[in-house]
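S.K.: Submitted below is the structure of interest, expressed as C-alpha cells.
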Amino acid sequence: MAKLKVIFENGDPERVVEFDPAKAPFHHDGQPGSILDVLLGHKIPLEHACGGNCACTTCHVIVKQGLNDLSEATEQEEDMLDKAPGLTPSSRLGCQAVIEQPDAEITVLVPRYTINQVSESAEDEEASTRDG
Amino acid sequence: MAEPGEAAFGSRPARRAKVDRIFDHNPDTRSLFLTPIDSRPVRFVPGQFISIAIVLPDETRTRAYTIASRPEDGAPFEICFNRVVNGRGVEWLFQRQVGDALDFIGPFGSFTMERPPDADLVFIADGTAIAPIRPMIHRVMSMPNHRRVNLLYVASKPEHLLYRDEFESYAASTPQFAFDTMIAARTEMHERLLEEVDRRWVKADADRTRQFYVCGVGKGVVAIRDVLRSAGYERRAVHYEQW
C-alpha cells in the first residue's frame, strides 16, 4: 500500500491516506492516480479550480518526501508551475503528479496561498479603497 | 433558481450569478451572459476563467469556463461552451434558463494577456477555444499603434467559427490584422493546423520574435508548442492552454 500524508499550511489537521495505486482512478478530476485524484477520492479537499486540467496552479503542493516516487513533470506542468506563488524545487501540481510506486510514501504541504487568493486579496483591497 | 453550490468550493466563498441572456451560436454551442447577484464587478484579465459549481443529482462538481467577453464590458459577462460527449457539466449548463442562478468562484488562470507584448502576435484557436483569445484580441486592437496580429482559427464546420464577424471587421479595417480560417474534421484538425503553423511561422522566414497564444482541445496544442519552441521561439513567447 502507498501512503500519502498531507500537511496544510493554513493549520488544518494533517491527513494520511493509505491506498493501492493500482486501483486508480479514485475520483474524476486530475490525472488518474495523481495526488489530487487520491485526495478527492478519500474526501480530502484540494483546490482545483480548472477541474484538474493543468490550467491553473490552485492545486500546487510542495513535496516534502517521496518526490522520486512521483511521475516526472511534463513541460506543460513546468510551464504552469512557473506561475505559482511560492514555487520551490519540489513543487508539483497535485492534478499532474501521479503516485506510481505501490509502496510510495509521499508527504506534501499544501501552501496557504494560491495565486488566486493573492489576487483576490488585492481585489478586495482595491474594492474597499474605491468604495471609500 | 438553481440549487446552491457553495459546498463545491470548500472554504472559498462562492459568488452567485444569474443568467441574463442566452445566445446559441449553433445547435451545439451556447453562450450564457451572467450577472453577479451581489452587483460587484468580476475583475478579470483577458484569458481567465471562472469555476462553476455544477449541481448534479449525485454530487456537485466544479468545472472551468473561460470568460469570452472583455473586462471592459462589465456585467453581464459571457461564458461560451459546446456540447461534448459525456460532458455532464455542459449539459447542466445547457439546461439553465434565463433567471436561473449559479455559483462560481474566480477568476482564475494564467493563460492571459494583460498588456500586449511589443511583438507581432499570432493567435491560434480551435472551436470554442477562441473564448480566451477573443478578449485578448480586443485588448490588442484597442491599443494605438499595435503590432501586427494574425489569427488562425480552425473548426470542424463553418458555423463553429465563433465571433467571425468581429474578426472579419478587424481584418477589413486594418492590414495589421490578418484573419485566416480552416475547416477540418476533428480527426485531422490538429495535424493540418500543425502543418500550417510550420509553413507560416517556422519555414517561411527566420523571424523568431513573434509571440504566440495557442488554445485548443487535446494534444495538438502541445504539439504546436513543441514545433515553435524547437524552431527557436523563446519558451516564454509561446503561451498556450490545452483543454
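The values are calculated or read from the model by the stated rules, or taken from the named source; none is laboratory data. Since the model is a prediction, treat every value here as computed from it, not as a measurement. Virtual Cβ from ideal backbone geometry, glycine too; neighbours counted across all protein chains shown. Keep in mind that these areas ignore ligands, DNA and RNA; they rest on the heavy atoms of the full protein, side chains included. Shrake-Rupley method; radii C 1.70, N 1.55, O 1.52, S 1.80 Å.
S.K.: Just need a number here: residues in the stretch A:82-109 that are open to solvent by less than 20 Å² (accessible area, probe 1.4 Å) and either at pLDDT 95 or above or within 23 Å of residue A:13 (Cβ to Cβ) (or both).
M.R.: Total satisfying the criteria: 11.
S.K.: Taking the residues in the stretch B:112-125 that are touching a residue at least 60 places away in the same chain (Cβ under 8 Å) and not aliphatic (A, V, I, L, M) as candidates, determine which candidate is nearest to the other protein chains (Cβ to nearest Cβ).
M.R.: Going through the qualifying residues, I end up with B:112.
S.K.: Could we say that residue B:89 is closer than 19 Å to residue B:27 by Cβ and within 14 Å of chain A (Cβ to nearest Cβ) here?
M.R.: So residue B:89 passes the test.
S.K.: Moving on to the next point. For the stretch B:191-219, give me the residue count where each residue is touching a residue at least 40 places away in the same chain (Cβ under 8 Å), open to solvent by less than 50 Å² (accessible area, probe 1.4 Å) and under 18 Å from residue B:160 (Cα atoms).
M.R.: 4
S.K.: Return the residues of the stretch A:45-64 that are without any contact (Cβ under 8 Å) to a residue 60 or more places away in the chain and either within 9 Å of chain B (Cβ to nearest Cβ) or of a type in the set (Ser, Thr, Tyr) (or both); say none if nothing qualifies.
M.R.: Answer for the stretch A:45-64, where residues must be without any contact (Cβ under 8 Å) to a residue 60 or more places away in the chain and either within 9 Å of chain B (Cβ to nearest Cβ) or of a type in the set (Ser, Thr, Tyr) (or both): A:45, A:48, A:50, A:51, A:53, A:54, A:55, A:57, A:58.
S.K.: Another question, if that's okay. Is there a residue being surrounded by fewer than 22 Cβ atoms within 10 Å (Cβ to Cβ), under 25 Å from residue B:240 (Cβ atoms) and within 9 Å of chain B (Cβ to nearest Cβ) anywhere in the stretch A:19-36?
M.R.: yes
S.K.: Something else: Going by the conditions given, is residue A:67 open to solvent by 60 Å² or more (accessible area, probe 1.4 Å) and without any contact (Cβ under 8 Å) to a residue 60 or more places away in the chain?
M.R.: yes
S.K.: Quick check: is even one residue across the stretch B:141-150 surrounded by 19 or more Cβ atoms within 10 Å (Cβ to Cβ) and in contact with a Leu (Cβ under 9 Å, 6 or more places away or on another chain)?
M.R.: Checking the stretch B:141-150: at least one residue is surrounded by 19 or more Cβ atoms within 10 Å (Cβ to Cβ) and in contact with a Leu (Cβ under 9 Å, 6 or more places away or on another chain).
S.K.: Something else about it: Residues being more than 10 Å from every other protein chain (Cβ to nearest Cβ) and either of a type in the set (Lys, Arg) or in contact with a Leu (Cβ under 7 Å, 6 or more places away or on another chain) (or both): count how many of those fall in the stretch B:59-76.
M.R.: Matching residues across the stretch B:59-76 total 2.
S.K.: Residues of the stretch B:12-58 being farther than 27 Å from residue B:216 by Cβ, open to solvent by 50 Å² or more (accessible area, probe 1.4 Å) and within 12 Å of chain A (Cβ to nearest Cβ), which ones?
M.R.: B:13, B:38, B:39, B:40, B:41, B:58
S.K.: Kindly provide the set of residues from the stretch B:112-121 that are within 17 Å of the chain's Cα centre (by Cα) and open to solvent by less than 30 Å² (accessible area, probe 1.4 Å), ordered by number.
M.R.: If the condition is that a residue be within 17 Å of the chain's Cα centre (by Cα) and open to solvent by less than 30 Å² (accessible area, probe 1.4 Å), then B:113, B:121 are the ones that fit.
S.K.: In addition: Name the strands (runs of 3 or more DSSP E) wholly within the stretch B:60-111 that hold at least 3 residues that are touching a residue at least 60 places away in the same chain (Cβ under 8 Å), out of contact with any Ser or Thr (no Cβ under 8 Å at 6 or more places or on another chain) and crowded, with 23+ Cβ neighbours inside 10 Å?
M.R.: Counting at least 3 such residues, we get B:101-108.
S.K.: Can you run down the residue pairs with Cβ atoms below 8 Å, 6 or more apart or on separate chains, where the first is in the stretch A:79-95 and more than 14 Å from chain B (Cβ to nearest Cβ) and the partner is polar (S, T, N, Q) and not in a loop (DSSP other than H, G, I, E, B)?
M.R.: Correct list of pairs: empty, since none qualify.
S.K.: If you don't mind, there's one more thing I want to ask. Quick check: is even one residue across the stretch A:51-67 part of a helix (DSSP H, G or I), modelled with pLDDT of 95 or more and either within 24 Å of residue B:216 (Cα to Cα) or more than 12 Å from the chain's Cα centre (by Cα) (or both)?
M.R.: Looking through the stretch A:51-67, at least one residue is part of a helix (DSSP H, G or I), modelled with pLDDT of 95 or more and either within 24 Å of residue B:216 (Cα to Cα) or more than 12 Å from the chain's Cα centre (by Cα) (or both).
S.K.: Just checking, how many residues over the stretch B:122-141 are more than 15 Å from the chain's Cα centre (by Cα) and polar (S, T, N, Q)?
M.R.: 0
S.K.: Identify the residue in the stretch B:220-230 that is more than 9 Å from chain A (Cβ to nearest Cβ) and open to solvent by 30 Å² or more (accessible area, probe 1.4 Å) and, among all such residues, is farthest from residue A:54 (Cα to Cα).
M.R.: Checking each candidate, the answer is B:230.
S.K.: In this structure, is residue B:24 acidic (Asp, Glu), part of a loop (DSSP other than H, G, I, E, B) and out of contact with any helix residue (DSSP H, G or I) (no Cβ under 9 Å at 6 or more places or on another chain)?
M.R.: No; evaluated as a whole, the condition is false for this residue.
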